[in-house]
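What follows is a short report on a single structure.
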Amino acid sequence: MSIGKVLIAGGGIGGLCVAQGLQRAGISVEVFERDQSPNARAQGYRFRIDPQGHEALRACLPDELFDLYQRTSNKPSSPPVGAFDHRMNLVYRIPGIPSGAVHTAVNRLTLRQVLLQGLESEIRFGMEVSGVEQDSECVGVRFVNGEMAEGDLLIAADGTNSVLRRTLLPAAEVADLGYVCIYGRTPVDEETLTWMPEALQGGFTPVVGPDASLALAMFRMREHDPRVDAVHDYLMWVLVFAATPLPSSSAELHEMAVLRIRDWHPDLHRLVGMADVPATFPITLRTSRPVEPWPASRVTFLGDSIHTMTPAGGVGANTAMRDAALLTRLLTSADRGELPLLEAISQYECEMREYGFAAVQHSLQSAANLYRAPLRGQP
């Protein structure tokens, strides 16, 4: 029996990726996003695309959008040299990337704009989930504005604060790790490159200080395309330190970051000081705890809604896209009558839990290595 409609709660990277994959397979989708627009809040900056994420995009996107993703990704750059201390002394070297492996990065908002192409009539913004109900025939999702939508399946891609996870899987906890991050973006031009340390002009580079860590990475778009916003070259930086009350304004957050590294290498201090101040924003480091298997139903989970992880290791978005590709493949089989819908969901959840929580653990270990301190709340 074919699938009538799949509802997707959440229009982030993972939700849009699975929407693209299902639409490409001829399955009707409807996406509900709580933000009022794609640009309603800070979307983050550069993130690495690993081989799993690259192949997931290839599997889910039509050829022209896969090409658009590649052409608007990061220009080829030298791999990161290693980790440094706050005086820019090399602490350890990072092993080289295997020959032939995908080594690129994307601007998060740009990738989201790519993933929105062709879904304009299938996505509704300003739709915040408030509840869910299901039976053996269909599933219904309720929204804060009083509306309700029904379909054959609901994919919860509504992020770390997922209402659907808290409702249906209350044992799936998310732990606070006791660290906060300040994200910033510093515009880069040819003059900046004349004095910026060469080690910071490539991939993700960690800098470990006495009471904070700084991670930096360049983004330089290969090509500009009228279908997405132009992005000028920038250096992304993330300052990580033990949790403390954070100010609410971008200007105060930026000032806090500058003060935190005032005694660091002058080039680092200068780069953070030159940031685009309104683009500064905070996040709290959190991680999912492993959860026991649950019975398959007409609601399933994808991305941060089930396996939230730290930014360390750069695997969160890639794992969400891997979820999207796997779920697309299995739902396509169900739509063709090759296996029952709930069996497809069960197979997806079994495999997703295994690699998803392995990625959570990898991210935790990467965070512990990078921040050089015990993380509170580790499982």
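We did not get these values from a lab; they are worked out from the coordinates using the rules stated. Treat the numbers as computed from the prediction; the structure is a model and nothing was measured. Neighbour counts are summed over all protein chains in view; Cβ atoms, including those assigned to glycine, are modelled from backbone coordinates with ideal geometry.
General observations
- At R0 = 30 Å, FRET efficiency that the Cβ-Cβ distance of S37 and D267 yields, to 0.05: 0.25
- Restricting attention to the chain, close to 70% of DSSP beta bridges with both partner residues there are antiparallel.
- Loop-located GluC sites (Glu not before Pro) in segment 328-370 (DSSP state not H, G, I, E or B) with no more than 12 neighbouring Cβ atoms inside 10 Å: E338.
- Normalised radius of gyration (Cα atoms, divided by 2.2 N^0.38 Å) for the chain: 0.99.
- Computed helical MRE - 222 nm, the chain, DSSP H runs ≥ 4 contributing -39500 (n - 2.57), nearest 500: -10000 deg cm²/dmol
- Theoretical FRET efficiency, 1/(1+(r/R0)^6), r = Cβ-Cβ of L339 and R289, R0 30 Å, to 0.05: 0.50
- In segment 256-300, the trypsin sites (Lys or Arg not before Pro) that fall in loop regions by DSSP, at most 11 other Cβ within 10 Å: R262
- Label-point gap, in nm, between M148 and L90 - each point 7 angstrom along Cα→Cβ: 6.4 nm
- Mean sequence separation of contacting Cα pairs (under 8 Å, at least six apart), scaled by the length of segment 3-132, corresponds to a relative contact order of 37 percent.
- Binned Cα-Cα distances of segment 203-313, short to long, each 5 Å bin given as a whole percent: 2, 9, 16, 17, 16, 13, 10, 8, 6, 2, 1, 0
- Interchain or long-range residues, amide H under 5 Å from S28's placed H: V6
- If R0 is 22 Å, the Cβ-Cβ spacing of E255 and A230 corresponds to a FRET efficiency of close to 0.15.
- When the chain is described by a simple charge dipole with +1 on each Lys and Arg Cβ and -1 on each Asp and Glu Cβ, the residue from M256, L7, A175 located farthest towards its positive end is M256.
- Backbone N within segment 285-309 under 18 Å of label point (7 Å from K5 Cα along the Cβ vector): 298-300
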